[in-house]
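A short write-up of the structure that comes next.
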Amino acid sequence: MGAIEDIYEDLETDVSEAEFREAVEEKVEQMGGLADEETAAMLLAHELNENEVNAIADIEPGMDEVKFLAKVMAIGDLKTFERDDEDEDGRVINVEAADESGSVRLAFWDGQAVDIDEGKLEVGDVLRVKGRPKDGYNGLEVSVDKAEPDEDATIDVEPGAGSSIDALTMGQSDVTLRGLVLDTDTIRTFDRDDGSEGRVSNLTLGDETGRIRVTLWDDRADRAEELDAGAAVEVVDGYVRERDGSLELHVGDQGAVDEVDDDVTFEPDADPIAEVELEETVDIAGVVRSADPKRTFDRDDGSEGQVRNVRIQDATGDIRVALWGDKADKDIAPGDEVLAADVEIQDGWQDDKEASASWNSTIVVLDDGADLATGGAGGGASVETTDAEHAGLSTFGEEADDADASSSDEAAAVSADSGDTSPDGGAQSAGQQVEFTGTVVQTGDPVVLDDGEQTMSVETGERVQLGQEITVRGELRDGRLHAEDVF
């Protein structure tokens with residue numbers, strides 16, 4: 001076999017060998033004898049392979065033309081439409097295709113669409129595709145110019161895959177996913193460029209492989225307010241987008257979020273609190289030691305904001321978590337087991353670390369597991385906790401109980417032999433060593449702390465600020481805590 005034949009054999013092209021040889025001769029003539037036939041053949045081979053991509057993940061909407069391999073995952077229905085200034089209707093059929101890197105929607109038109117509708121393409125077929133990519137309604141779409149079966153090629157994906165959160169990939173469309181509702185947000189409105197009003201809301205889903213934020217558009221936005229945490233649901237015809245470096249699952253008018261009567265399990269995998277670092281975005285979980293009252297404040301733009309601080313402790317340590325916006329309305333009390341997902345670690349008071357739970361964070365009360373297990377449509381949805389190395393929840397043991405007691409029960413301990421009372425009227429035992437965590441609601445002498453359930457007057461020489469959360473430890477005498485340590 002000659003050099004030209006060898007080069008042609010290595011090509012993956014729909015150009016025939018005769019056409020290739022003719023093009024080689026034209027290339028030699030164009031170059032005026034500066035290249036022999038072998039060099040011209042290599043140049044042509046490079047030109048023919050120029051639009052070849054290694055994987056679906058490499059396809060971008062701005063490309064003029066692409067060539068790639070993909071396996072057929074699902075075949076849609078034939079649709080007809082009217083073309084402008086033409087008597088004959090157009091026809092289109094959408095095919096979902098994938099490789100190991102991701103998925104893409106293929107649009108076949110007219111005669112090709114009719115052939116597919118008549119059964120000339122089957123799920124599981126591997127195609128060698130040439131077409132024009134664009135950003136379609138439900139994600140990446142390629143308008144197919146030519147597609148041929150390649151019986152020798154192998155793609156290691158199976159139809160029906162991608163039904164778990166960890167298997168979702170950027171650009172994937174026609175996604176069907178079952179999960180457990182972990183959190184929901186309110187509906188928000190916005191103005192579109194055409195003057196119409198849009199609606200959007202969010203919920204967070206979890207399954208045994210992970211967790212993902214779901215964005216619901218327009219008519220589907222109502223589902224966020226119709227579903228309760230713990231409902232087992234199925235997302236139908238979703239599509240995957242990326243936001244701030246994370247994947248999101250979007251649901252438009254063609255999609256749905258339906259409650260299902262199925263077992264769905266979510267297993268949180270939290271980071272140990274003692275190991276979190278500044279500027280990280282992490283998941284933490286543990287027992288609520290204290291929960292402050294909600295506070296409101298005025299933003300620079302004149303709007304009103306709100307925030308609530310809670311302190312969460314796991315088997316490795318504790319941290320204050322600031323709940324912003326709607327998350328400040330969460331029904332969270334000391335003793336609850338919670339997951340705070342996608343929180344940002346920031347500098348807090350007195351160089352202490354704190355976690356900030358903003359709009360894209362998820363707050364889940366895990367100790368409502370009995371309710372979650374019977375939520376939604378009656379399915380056995382459940383939240384399973386992890387071991388002490390991570391969240392330290394179900395195995396938190398006496399350490400968590402003792403920590404919770406130190407922040408509330410000890411401060412409210414009653415002694416039948418003492419008539420001393422705290423500022424809110426609760427009896428306290430004189431001379432008792434107490435640790436109390438709360439928000440500064442009064443500075444001066446004394447400092448007054450509030451932990452959401454009671455107040456505590458504190459004698460201290462430390463300088464504190466209104467709204468600051470501190471923990472004080474010392475002797476309780478005459479209704480006041482004489483602080484020996486402030487931290």
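Can you name every residue in region 269-304 that is open to solvent by 70 Å² or more (accessible area, probe 1.4 Å) and at positive phi?
Glu279
May I ask you to say which residue of Asp292, Asp314, Asp271, Asp283 is of a type in the set (D, E, K, R), touching a helix residue (DSSP H, G or I) at 6+ places or on another chain (Cβ under 6 Å) and within 30 Å of Glu435 (Cα to Cα)?
Going through Asp292, Asp314, Asp271, Asp283 in turn, the sole match is Asp314.
With outside any loop (DSSP other than H, G, I, E, B), at pLDDT 90 or above and within 20 Å of Ile345 (Cα to Cα) as the only criterion, which of Asp258, Asp219, Asp283 stands out?
Asp283
Out of the residues in region 40-78 that are open to solvent by less than 60 Å² (accessible area, probe 1.4 Å) and part of a helix (DSSP H, G or I), which is modelled with the highest pLDDT?
Selected residue: Ile56.
Could you tell me whether region 311-330 includes any residue that is among the acidic types (Asp, Glu), open to solvent by less than 20 Å² (accessible area, probe 1.4 Å) and either at pLDDT 85 or above or not in a loop (DSSP other than H, G, I, E, B) (or both)?
Among the residues of region 311-330, at least one is among the acidic types (Asp, Glu), open to solvent by less than 20 Å² (accessible area, probe 1.4 Å) and either at pLDDT 85 or above or not in a loop (DSSP other than H, G, I, E, B) (or both), which makes the answer yes.
Which one is nearest to Asp292 (Cα to Cα) among residues in region 432-487 that are polar (S, T, N, Q) and within 38 Å of the chain's Cα centre (by Cα)?
Only one residue fits best here, namely Thr439.
In region 295-310, what residues are touching a Gly at 6+ places or on another chain (Cβ under 9 Å) and either assigned to a loop (DSSP other than H, G, I, E, B) or of a type in the set (A, V, I, L, M) (or both)?
Hits for region 295-310 are Arg299, Val307, Val310.
Find all pairs meeting these conditions: Cβ atoms under 7 angstrom apart; at least six residues apart or on different chains; first residue within region 247-265 and over 17 Å from Leu182 (Cα atoms) and of a type in the set (D, E, K, R); second residue open to solvent by 10 Å² or more (accessible area, probe 1.4 Å) and assigned to a loop (DSSP other than H, G, I, E, B).
none
Sort out which residues of region 178-195 are among the polar types (S, T, N, Q) and in contact (Cβ under 8 Å) with a residue 24 or more places away in the chain, and write them in order of number.
Selection gives Thr184, Thr186.
Applying the selection to region 249-268, what residues are surrounded by fewer than 19 Cβ atoms within 10 Å (Cβ to Cβ) and in contact with a Ser or Thr (Cβ under 6 Å, 6 or more places away or on another chain)?
Within region 249-268, Thr265 is the sole residue that qualifies.
The values are calculated or read from the model by the stated rules, or taken from the named source; none is laboratory data. Model, not experiment: these values are computed from the prediction. Ideal geometry is used to build each Cβ from the backbone, glycine not excepted, and the neighbour counts take in all protein chains shown. Ligands, DNA and RNA are stripped out before the accessible areas are found, and what is left, the full protein with its side chains, is counted by its heavy atoms. Shrake-Rupley method; radii C 1.70, N 1.55, O 1.52, S 1.80 Å.
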